[in-house]
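The values are calculated or read from the model by the stated rules, or taken from the named source; none is laboratory data. This structure is a prediction, so every number in the text was calculated from the model and none was measured. Here Cβ is always computed from backbone atoms with ideal geometry, including for glycine, and neighbour counts include all displayed protein chains. The accessibility values were calculated without ligands, DNA or RNA, using every heavy atom of the protein model including side chains. Shrake-Rupley method; radii C 1.70, N 1.55, O 1.52, S 1.80 Å.
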Amino acid sequence: MSLYDEYYSRYPELISCLENARHSGRFAHSFLINAPDPVTRREFPLVLSQIAGCPNSVNGKPCTVCDFCHRIEQGSYPEFQTLSPVGKMYFIRVGDRVNPEPNTLRSFINRFYLTGSVDYPQKIGVIYEADRMNAEAQNALLKTLEEPPKDSTLILCTSNLSMLL
């Protein structure tokens, strides 16, 4: 059973709404996933990514068998960017504007704006534990949320909505 099938059996209404949005051309470029379960926060972005970018989608439903769907589920899709909290304080730093260090928000954004390959045009960005960004990092993310790159989907995951601006 694919990850998509598992989540469809658990949340059929939600998945159907997302598929209908993709099919009708109203699929959002960014999503906020609020879930108390850490497994759901790790897995659901993969399902959402398959819905967003499957090139063999029928009526918004991903095929789950194409190269794109397999690579997303296995974590080997080259245009799948992630950012998670790091360090002793377990937070997401904004990073230097000119020369951003790895594992910072600005580094993530810079990679997200790089031109995708012809073989993999769909860009997916996931920020895990987005509530661990401070106000400066959240403000730095606003431009990307408002004006995302073409053919991209940005997913923020959290268990604590009240910490987001």
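Identify the residue in region 56-89 that is modelled with pLDDT under 90 and of a type outside the set (A, V, I, L, M) and, among all such residues, is least open to solvent (accessible area, probe 1.4 Å).
Our first condition is that a residue be modelled with pLDDT under 90; within region 56-89, this holds for 86-89.
Cutting the leftovers down to of a type outside the set (A, V, I, L, M) gives us 87-88.
Values: GLY87: 61, LYS88: 209 Å².
Selected residue: GLY87.
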Selection from region 22-48 of residues out of contact with any helix residue (DSSP H, G or I) (no Cβ under 8 Å at 6 or more places or on another chain), of a type outside the set (Ser, Thr, Tyr) and under 21 Å from ILE127 (Cβ atoms) yields HIS29, PRO36, ASP37, PRO38, VAL39, ARG41, ARG42, PRO45
Residues in region 123-159 that are under 21 Å from LEU48 (Cα atoms) and either small (Gly, Ala, Ser) or open to solvent by less than 60 Å² (accessible area, probe 1.4 Å) (or both) total 22
Within region 7-53, of all residues that are assigned to a loop (DSSP other than H, G, I, E, B) and closer than 12 Å to THR153 by Cβ, the one most open to solvent (accessible area, probe 1.4 Å) is HIS29
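Open to solvent by less than 70 Å² (accessible area, probe 1.4 Å), in a strand (DSSP E or B) and either touching a residue at least 24 places away in the same chain (Cβ under 8 Å) or within 12 Å of SER30 (Cβ to Cβ) (or both): is that true of ILE109 in this structure? Show your work before the answer.
On the way: open to solvent by less than 70 Å² (accessible area, probe 1.4 Å): yes; in a strand (DSSP E or B): no; either touching a residue at least 24 places away in the same chain (Cβ under 8 Å) or within 12 Å of SER30 (Cβ to Cβ) (or both): yes.
No; evaluated as a whole, the condition is false for this residue.
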